[in-house]
Amino acid sequence: MGTEDERTLPRREFARHCGLMAVTGMVSGAVATPMVVAADDDPPKPPPPPMLILAQLMQQYPSDRYDETVLEGILSDIQLDLNRGRDLARIPLSNADEPASVFRVVRGDRPPRGAQPLGKPPA
Amino acid sequence: MPTAADAFLTIEDWGQRLRKKAVTARELAEFYLARLERLGGDYNAVVTITRERALAQADAADRDFAAGRDRGPLQGIPFGAKDLLATRGLPTTWGAAPFKDRVIDDEATVLERLQAAGAVLVAKLSMIELAGGFGYRQANASFTGPGRNGWNRERWAGGSSSGPGSAVAAGLVPFAIGSETSGSIMTPAGYNGLSGLRPTYGRVSRAGAMALSWTLDKIGPMCRTARDCGLVLHAIAGADPRDPTCLDEPYAYPSTQAPPPRWRIATLKGALERVQPEVRANFVAALQVLEPVAEITEIELPNHPYSAVVGTIISCEMAAAFEEFIKSGQVWELTALEDQWGGHSTLAIPAKDYINALRVRGKIQWALDALFDRFDVICAPTLSTVAGPVDRDFREWSQGFASTSLGVASNAAGLPGLTVMNGLGADGLPTAMQFVGRALEENTLLQLGELYQSKTDWQTRHPDVA
């Protein structure tokens with residue numbers, strides 16, 4: 001489920017992307033002031049999806065505990081999750097393949113005649 | 001009064017002594033309370049000793065005996081409960097430092113049923129913080145310290161039901177209640193040489209138990225024998241309006257069903273390839289014990305991404321369960337450093353991945369169920385190795401914990417499993433084998449477990465704990 005290479009980013013690349021995100025304001029989530037790019041430069045590539053997800057997590061769940069070790073660990077987990085999702089998506093499934101989810105109807109205080117209540121409302 | 005040699009008696013043994021008046025319920029409770037107080041800390045097995053409640057319950061059991069009221073085989077029997085089961089008026093910590101003093105105003109249905117059966121709660125037992133969902137990689141992942149094995153305190157007790165595993169193994173309680181999302185009954189029972197039963201999903205109410213993964217969590221007994229597991233399951237199984245996933249299926253033990261004329265046992269190809277030599281040898285020897293009464297066939301499990309399905313479901317459900325815990329910053333108080341950040345990525349898994357996991361889960365359920373048209377049980381080593389050092393990263397010694405996908409596959413499908421000790425391995429530590437059966441076929445597993453235990457004596461072995 002993903003190679004070691006796919007699961008980690010070199011530290012230098014990691015730091016470069018963090019810096020890139022800081023410059024473009026992606027971490028803050030703000031719509032960045034359009035970057036001024038020289039006409040003969042290729043536009044900067046966006047960070048890879050794991051980095052974008054990490055940036056979103058950091059914004060939604062801020063903490064002063066996000067050091068490099070922690071962020072690398074979370075990033076690694078994100079990559080594993082993405083790989084796992086891709087593995088699941090490769091399984092042939094038809095529209096008729098429903099989720100194995102639990103759902104049952106409820107009726108509160110007035111069961112059908114002769115029947116027991118099917119459930120209780122949440123507390 | 002009981003002596004140290006009596007500490008390893010079974011529920012049945014104690015039941016006989018209680019009814020012969022060789023011991024009172026109060027004496028029995030005092031005996032195990034003393035052992036818990038004296039020895040529990042050596043194994044980091046205890047969170048809270050419930051002395052006052054225990055003596056009140058024991059006295060009630062003695063009054064019932066005196067009045068001729070017999071509630072059944074658990075009456076007067078002390079037990080411990082994994083500390084994710086709520087106990088009104090007493091701390092319920094979930095193994096996590098942020099909750100070490102927290103009292104939940106609720107009583108788990110399982111504990112209510114055990115009380116109604118006359119059992120005596122003597123302790124809340126330690127566990128891996130938040131049942132291991134945050135990705136722990138070493139034994140020191142609980143505010144009570146690393147769970148130490150009942151056979152050797154320098155070895156891990158297994159998780160996440162660490163305290164139940166070592167407490168029963170060391171003779172601190174006759175039985176305990178553990179829980180399993182994926183491996184948390186079978187692993188500590190296996191490492192500690194116990195009989196552990198993971199019931200069918202929905203067999204036992206989860207009301208009042210911490211939810212790690214609503215559609216994967218199961219609660220079950222950890223005992224000295226398969227028979228004791230059946231006695232406990234009889235007391236705790238059954239529908240519960242507080243738990244909408246709890247099945248309205250009758251359960252009774254002992255069973256009246258006749259055993260198969262000849263057991264049809266499936267073993268798994270490759271199950272013995274990545275295990276310690278003693279694990280291999282003991283599994284082969286165990287099959288030889290069963291061969292006179294069984295047809296044993298080697299098969300392969302259907303090809304499905306069991307780990308991806310279970311991993312995705314646990315991740316997504318725990319993200320919902322613990323988002324606030326992470327958001328509040330309490331997560332940074334967890335004991336294991338990797339647990340402090342290990343849950344963060346789950347907050348970003350797309351919904352479609354969860355839905356796809358559930359879709360594949362449905363296919364897994366039917367594929368495994370079809371196997372049980374041909375076989376009564378599927379059998380494999382419970383664990384690849386004996387318990388490893390308590391101070392080492394799991395990746396250094398565990399060989400992935402399991403040598404097959406049977407555990408994760410059977411959890412994906414909600415199937416019952418029984419682990420029993422089948423020998424001693426490296427460094428004199430227990431090895432074990434597991435039986436997995438069709439949904440709701442706990443009694444099939446227990447019958448086979450009892451048969452195996454009638455022909456061997458591993459379930460009578462125990463560490464030398466004074």
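The values are calculated or read from the model by the stated rules, or taken from the named source; none is laboratory data. Just so it is clear, the structure is predicted and the values come from calculations on it, not from any experiment. Neighbour counts are summed over all protein chains in view; Cβ atoms, including those assigned to glycine, are modelled from backbone coordinates with ideal geometry. We work out accessible area using only protein heavy atoms, side chains counted, and drop any ligands, DNA or RNA first. Shrake-Rupley method; radii C 1.70, N 1.55, O 1.52, S 1.80 Å.
Taking every alpha-carbon pair under 8 Å whose residues sit at least 6 apart, region B:305-386 reaches a relative contact order of 36 percent. Dividing the convex hull volume of the alpha-carbon atoms in region B:380-427 by its residue count gives 95 Å³ per residue.
Rule-of-thumb check for region B:328-403: C-alpha Rg over 2.2 N^0.38 Å?
So region B:328-403 has a normalised radius of gyration of 1.63.
For chain B, the antiparallel share of DSSP beta bridges with both residues in that region comes to about 65%. Here the translational diffusion coefficient of region B:74-119 follows from Stokes-Einstein with Rh set to the Kirkwood radius across Cα pairs; for 10 °C and 1.306 mPa s it amounts to 143 µm²/s.
Could you compute how fast chain B diffuses translationally, taking Rh as the Kirkwood radius over C-alpha pairs and applying Stokes-Einstein at 20 °C with viscosity 1.002 mPa s? Give it in µm² per second. After rounding, the answer is 99 µm²/s.
When both region B:5-73 and region B:135-210 are represented by their alpha-carbon centers, they are found 21 Å apart.
Calculate, for B:E291 and B:R19, the FRET efficiency according to 1/(1 + (r/R0)^6) with r their C-beta to C-beta distance and R0 45 Å; round to the nearest 0.05. Efficiency computed from Cβ-Cβ geometry: 0.75.
When the solvent-accessible area of region B:1-66 is split by element, carbon and sulfur atoms take up 50 percent of it, the probe being 1.4 Å.
Dividing the Cα radius of gyration of region B:204-253 by its Kirkwood radius returns 0.98 for Rg/Rh. The label-point distance for B:R274 and B:R38, in a model that sets each label 7 Å from Cα toward Cβ, rounds to 4.4 nm. Relative contact order, whole percent, for region B:239-338 stands at 26, derived from Cα pairs under 8 Å and 6 or more residues apart.
Within the straight-line cut-off of under 17 Å between alpha carbons, the aspartates and glutamates reachable from A:K45 are A:E13, sequence neighbours fewer than 8 places apart in one chain being disregarded. Here is what passes the span test in chain B: the DSSP H helices with alpha carbon length of 15 Å or more along the helix axis and a Kyte-Doolittle mean of 0.0 or above are B:226-236, B:277-290, B:306-327. Looking at the protein assembly as shown, the DSSP beta bridges with both ends there are about 65 percent antiparallel. Between B:R51 and B:T256, the simple label model (points 7 Å from Cα in the Cβ direction) yields a spacing of 4.7 nm. Across all Cα atoms of region B:210-315, the radius of gyration (one decimal) and Dmax (whole number) stand at 18.1, 48 Å.
Grab the DSSP H runs of chain B that are 4 residues or longer, score each as -39,500 (n - 2.57), total them, divide by all residues and round the 222 nm result to the nearest 500 deg cm²/dmol. Dividing the helical sum by the residues of chain B leaves -10500 deg cm²/dmol. Carbon-plus-sulfur accessible fraction, region B:155-310 (probe radius 1.4 Å, protein heavy atoms only): 52%.
Averaged over the residues of B:296-307, the number of partner chain Cβ atoms lying within 10 Å of the residue Cβ comes to 1.
Express the accessible area of chain B per residue in Å², computed with a 1.4 Å probe while the remaining protein chains stay in the model.
Working: 15790 Å² over 466 residues.
Using a 1.4 Å probe on heavy atoms only, each residue of chain B averages 34 Å².
The alpha carbons of region B:95-168 give a radius of gyration and a Dmax of 13.7, 38 Å, in that order. Rounded to the nearest angstrom and listed largest first, the equivalent-ellipsoid semi-axes of region B:109-231 from its Cα gyration tensor are 20, 18, 13.
Under the convention that each Lys and Arg Cβ holds +1 and each Asp and Glu Cβ holds -1, the size of the dipole of region B:307-418 around its Cα centre is about 440 debye. The GluC sites (Glu not before Pro) of region B:223-304 that DSSP puts in a loop, and whose beta carbon has at most 13 other beta carbons within 10 Å, are B:E273, B:E300.
Counting protein heavy atoms only, region B:342-414 has 53 percent of its accessible area on carbon and sulfur, 1.4 angstrom probe. Taking 14 Å as the straight-line reach from the Cα of B:K100, the aspartates and glutamates in range (excluding those fewer than 8 positions away in the same chain) are B:D83, B:E129, B:E333. For region B:1-64, the set of trypsin sites (Lys or Arg not before Pro) satisfying both a DSSP loop assignment and a count of at most 10 other C-beta atoms within 10 Å is given as B:K20, B:K21. Size descriptors for region B:29-168: radius of gyration and Dmax over Cα atoms are 15.3, 52 Å.
Only protein heavy atoms count here, probed at 1.4 Å, and on that basis chains A and B bury about 2700 Å² of accessible area in total. Just add up the charged neighbours of B:R438: K/R +1, D/E -1, any other residue whose Cβ is under 14 Å from the Cβ of B:R438. Local charge sum for B:R438: -2. Shape verdict for region B:390-466, please, from the Cα gyration tensor: rounded (a/c under 1.5), prolate (a/b greater than b/c) or oblate. Oblate, because a/c is 1.5 or more while a/b does not exceed b/c.
The mean sequence separation of alpha-carbon pairs under 8 Å and at least six residues apart, normalised by the residue count of chain B, gives a relative contact order of 18 percent.
Given R0 = 25 Å, the distance between the Cβ atoms of A:R86 and A:Q59 translates into a calculated FRET efficiency of 0.50. Computed from the Cβ-Cβ distance with R0 of 22 Å, the FRET efficiency linking B:S328 to B:V103 stands at 0.70.
Only aspartates and glutamates eight or more places from B:K352 in sequence, or on another chain, were considered; those with a Cα closer than 19 Å are A:D77, A:D81, A:D87, A:D97, A:E98, B:E317, B:E323.
Equivalent-ellipsoid semi-axes (√(5λ), Cα gyration tensor) for the protein assembly as shown, whole Å, largest first? Working shown, then result.
Details: eigenvalues 352, 143, 124 Å².
Equivalent-ellipsoid dimensions as semi-axes: 42, 27, 25 Å.
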